[in-house]
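Asker: Pasting in a structure now, in structure tokens, and then I'll have a few things to ask.
Only the coordinates and a few stated rules stand behind these numbers; no lab work does. Predicted, not measured: the structure shown is a model, and the values here were computed from it. Using ideal geometry, Cβ is built from the backbone for each residue, glycine included, and neighbour counts are taken over all protein chains shown.
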Amino acid sequence: AQSVTQLDSQVPVFEEAPVELRCNYSSSVSVYLFWYVQYPNQGLQLLLKYLSGSTLVKGINGFEAEFNKSQTSFHLRKPSVHISDTAEYFCAVGNTGTASKLTFGTGTRLQVTL
Amino acid sequence: DTGVSQDPRHKITKRGQNVTFRCDPISEHNRLYWYRQTLGQGPEFLTYFQNEAQLEKSRLLSDRFSAERPKGSFSTLEIQRTEQGDSAMYLCASSKQGSNQPQHFGDGTRLSIL
């Protein structure tokens, strides 16, 4: 069984400020990790993924995330946010075996203001 | 790549009625997933297909729910005798084969039970 914890349900931040959205996971097997973004009344868009190799992963829209195996974390960061980054962000974990389903966290609402 | 398409976008129905949703995956993707997302939560896995074979079903998928992918292309999700608790966003995703392949999501079907 695997689970994902997103500790912050909401993160308010001013435009051009840096932001970190936290994600911790639990799994008994090796995992793949993903961050998705969801805008209102839309589906989920893939921001970035960690499969293997370098623990620092760069994604779209200037986002990056770092995989930390010892802390079972995969925090999402952006050095300077824009108003357009306001959305819901979901961390998800999939295992490296044959099962394909993703387990999602409960999401973090990023609210960017002027 | 025309993306994952879901129809309808919104469905309002009375309790006890049957509803059916359709998902058209990205054409070269042989895996297709259904998730359910309730307000303030992350998506929860329901079931997935590889080609026309349904390979896994969640315990969330009661016997009132049935999903099909008869020709390995589009899929339908039917809910019989709908209940208030079925109100949610139903998301479809598709991917290429392989647990490291990212899932691409449609915009979902929002179901409201009166």
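Asker: Under the √(5λ) rule applied to the eigenvalues of the Cα gyration tensor, what semi-axes describe the equivalent ellipsoid of the range B:38-104? Give them in Å, descending.
Answerer: With the √(5λ) rule applied to the range B:38-104, the semi-axes are 22, 16, 10 Å.
Asker: Have a look at A:LEU51, A:LEU76, A:LEU33 and tell me which one the Gaussian network model of chain A (Cα, springs below 10 Å) gives the largest fluctuation.
Answerer: A:LEU51
Asker: How large is Rg over Rh for the range A:5-54, taking Rg from the Cα atoms and Rh as the Kirkwood inverse mean of 1/r across Cα pairs?
Answerer: 1.00
Asker: Rounded to the nearest 5, what is the percent of antiparallel bridges among the DSSP beta bridges in chain B?
Answerer: 90
Asker: Let me check I've understood the local charge: for A:GLY94, count other residues with C-beta under 10 angstrom from its C-beta, Lys and Arg +1, Asp and Glu -1. What total comes out?
Answerer: Spelling it out: positives minus negatives among the neighbours equals +2.
Asker: Using the Karplus equation 6.51 cos²θ - 1.76 cosθ + 1.60 (θ = phi - 60°), what ³J(HN,Hα) coupling, rounded to whole Hz, does each residue of the range A:61-67 give in order, writing x for Gly and Pro?
Answerer: Going residue by residue, I get 6, x, 7, 9, 9, 10, 7 Hz, with x marking Gly and Pro.
Asker: Something else: Report, as a whole number in µm² per second, the diffusion coefficient that Stokes-Einstein gives for chain B at 10 °C and 1.306 mPa s using the Kirkwood radius over alpha carbon pairs.
Answerer: Translational diffusion coefficient: 113 µm²/s.
Asker: Looking at chain A, what % of its DSSP beta bridges pair antiparallel, to the nearest 5?
Answerer: Among the beta bridges of chain A, antiparallel pairing accounts for roughly 90 percent.
Asker: Continuing with this model, one more query. Filter the cross-link list A:LYS101/B:LYS14; A:LYS101/B:LYS96; B:LYS14/B:LYS71; A:LYS101/B:LYS57; B:LYS11/B:LYS71 down to pairs whose alpha-carbon distance in this structure exceeds 19 Å.
Answerer: A:LYS101/B:LYS14; B:LYS14/B:LYS71; B:LYS11/B:LYS71
Asker: Sticking to Cα atoms, compute the Rg of chain A to one decimal and its Dmax as the biggest Cα-Cα distance, whole number, in Å.
Answerer: In order Rg, Dmax, the Cα atoms of chain A give 13.6, 46 Å.
Asker: So what is log10(I(q)/I(0)) for the range A:50-107 at q = 0.12, 0.17, 0.22, 0.25 1/Å, when the Debye sum runs over its Cα atoms only?
Answerer: Debye curve over Cα of the range A:50-107, log10 I(q)/I(0) at q = 0.12, 0.17, 0.22, 0.25 Å⁻¹: -0.35, -0.68, -1.06, -1.24.
Asker: Going Cα to Cα from A:LYS58, which lysines come in below 21 Å? Please leave out same-chain ones fewer than 8 positions away.
Answerer: By straight Cα distance, A:LYS58 reaches A:LYS49, A:LYS69, A:LYS78.
Asker: Also, quick follow-up: Which value in Å does the Kirkwood hydrodynamic radius of the protein assembly as shown take, with 1/r averaged over all unlike C-alpha pairs and then inverted?
Answerer: 18.1
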